[in-house]
Structures are given as C-alpha cells and as structure tokens.
Amino acid sequence: MKINLAKKEVLFQVVLNLIIFVFYAFDNGSVGVEPYRYGYFLNYALAALIINYVALPRFYRNKNVYQFIGIIVFSLIFAVLIEELVLEQIYFPKRGLKFMGFYAFLDIIPIVTILSGFKFGYDALHKQREVEELKDYVRQSELQFLKSQINPHFLFNNLNNLYAYALEGSEKTPDIILELSGLLRYMLYECQDEFVSLRKEVDQLENFINLNELQIEDRGRVKFTKSDNLDQYMIAPLIMTVFVENAFKHSLSSLSENIDIEINLSVTDEGLLNFVCSNNYHEITNNDSLSNGIGLDNVKKRLALIYPDSHKLTIKNIDHKYTVALTIELSEKTNK
C-alpha cells in the first residue's frame, strides 16, 4: 500500500513539474526553450521540494508555525542565491556579478507557490480520502456490532420458547426446531453482506412469523400480506424481523386470548418499501417496554447508519394497539 502511494506521489510530482515547466518555458512566446530556463526551473523546483517535503510534513502538520515560515524563507533565499551566484554566472557570464535579489524573488515566488499549492491540495485530498475510509470502517464496524447483537437476542428468545414446548412434550417441537434451524442458517451464512435480496429476506420473515405463530394456537389470529414485486430489490437484513418479534412478544406476554397481529409489506413501482406491523396488548402491560429494548434500539441505529436520508420510521401506541410503520427507499439489484 505504501509503495503504491509512493509511486502515485512520484508520478504526481513528475506530471505537475512538467506541466508547470511548459508554461514557464514558453511564457515569452518563443518557439524553442531557452537553455537557461532548464537550470532556473530546476532551482525553483528544488526550493518547492524543500517546502513540500520538509516544511509541510515536519512543521506545518505539527503546527510549528514559526519553523514552517522559517523553512520557506530559507528555501526562497537559498534559491535566489543559487540563481544569482551560480546560474547567472553560468548562463550569462558577461553580465558579471549583479545581485538582483528583489527581481529574482518575483521570478521565484509564483513558480514555487504553484508547485507548493498543488502539493498542499494533493495532500488535503489524500487526507480527506483517509478520513472517509476511516469513517466507512467505523460505520461497518458499528453495523457488524449491531448485527452481532441481533443474532444472540433472537436466539435467546426462541430457545426459551423451544424449551417451554419441550417441557410440555408438544408435538410442535420438531417443527419449531426445523423453522429455527432454517432461520439461523440464513442469519449465519446469508446475512454477512450489508444488503441481501428482498425476496429472501421476506421469505425468512415469513418463516419467522410461522415460527412464532405456533405459540398463539387458538388464542387469536396472525395476518401477513405481501406484494409480489420483490425480486429486483435489495434490503439491509433483519430490519423488519425485529418489529415482528416485538409484536409477538408483547401480545403473547399480555393477552391470553383475542391476540391480533397484522403485518403488511408492499413495494411501489418506484422501489419504496412500505412495511406496517401492528399488534394489540393488554393495558396492564408496561408500555415503556414497547418502545425500548435491545432489539428496537438496535434497529433504529442500523436504520440511521444504512438509510440516513432514505427511511421514515413511525411508531404509534393508541388504544391498546401498537403500530410500526416503516418506509425505505430500496436499492435495485446490480447485474454482475
């Protein structure tokens, strides 16, 4: 990586100096390049290199302002002395030793300023790229951390349910194990990417609903509706599952009958996902727990990270009915 950066740096300097030299060499409209301009420009480039690779990294970035200014002044004075005492005597020996420091400064400063300015801009862009890469790394790390919280949270709840059915010797235990193994396989092996197929996500969501519906038996109803145009879109995994899980958890924990859970999922032609999940609950339920907990806090953070400006989450708790409405601007599958 460092070698590649060094190569890019060298290439940048070569191209930059060649371009600036062309403008400098032909600024008088001459057909050919006057010989002295090679030596003069090399002198200017040397001063710029000292500023770019000594003053900038060692003093400017460390906020040593006075040392930084001192190196710049030294570089310019050194370049003037080289031009007056050496180059002038080589290219124009008949002139003799005539020190024209002020005019020499006027020739040097524009070239050095341009060369140093482009280097400063190049470094600024490189630093900005590093900052963006670091932000992306932190974002991905946070997403992985949040996703790692979901799996144990989901597994813990469903293992508790499985344990209860096993104690009762329920005939549904094998079905629960089968559904649970399918969901775990999906979570472990197919949810590693940031986005997954919406079709697969909805299929697993339906399996999750079926798994939890086994607990309701004849105590109420669960209605799940979905649209058919799911194949061309991608979505962040396990977003909707958290809301469905909360719906079952709070209805089952507070109601012994008349459980009513309704889940609707549709996608518009413009790729806008509309997801609504509602459930009833008993008034003695701790209402604060409906809007808190690891799962819900987790999914809110994930939505903010993945869909910062392309989602809307509305949660209502009215008349013993808890409703979650989520809209997401989905991305389409890419053809590889």
ask   = Among Met234, Met240, which is assigned to a strand (DSSP E or B) and either surrounded by fewer than 20 Cβ atoms within 10 Å (Cβ to Cβ) or on the phi < 0 side of the Ramachandran plot (or both)?
value = Met234
task = Please give the helices (runs of 4 or more DSSP H) falling wholly within region 3-96 in which 2 or more residues are modelled with pLDDT of 85 or more, assigned by TED's automatic domain parsing to the domain that holds Ile108 and surrounded by 14 or more Cβ atoms within 10 Å (Cβ to Cβ).
result = 35-50, 65-82
query = If we keep just the residues of region 245-278 that are over 36 Å from the mean Cα position of the chain (by Cα), of a type in the set (Ser, Thr, Tyr) and surrounded by fewer than 17 Cβ atoms within 10 Å (Cβ to Cβ), which is nearest to Leu211 (Cα to Cα)?
reply = Ser253
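Take the residues in region 197-220 that are in a helix (DSSP H, G or I) and touching a strand residue (DSSP E or B) at 6+ places or on another chain (Cβ under 7 Å); name whichever of them is nearest to Asn258 (Cα to Cα).
Taking region 197-220 first, the residues in a helix (DSSP H, G or I) are 198-213.
Okay, now just the ones that are also touching a strand residue (DSSP E or B) at 6+ places or on another chain (Cβ under 7 Å), so 198, 201-202, 206, 209, 213.
Working: Leu198: 31, Glu201: 29, Val202: 26, Glu206: 21, Ile209: 17, Glu213: 13 Å.
Restricting to residues being in a helix (DSSP H, G or I) and touching a strand residue (DSSP E or B) at 6+ places or on another chain (Cβ under 7 Å), the top hit is Glu213.
The values are calculated or read from the model by the stated rules, or taken from the named source; none is laboratory data. Please read these numbers as outputs of a predicted model, since none were measured by experiment. Methodologically, a virtual Cβ is constructed for each residue, glycine included, from the backbone with ideal geometry; neighbour enumeration extends over all protein chains shown.
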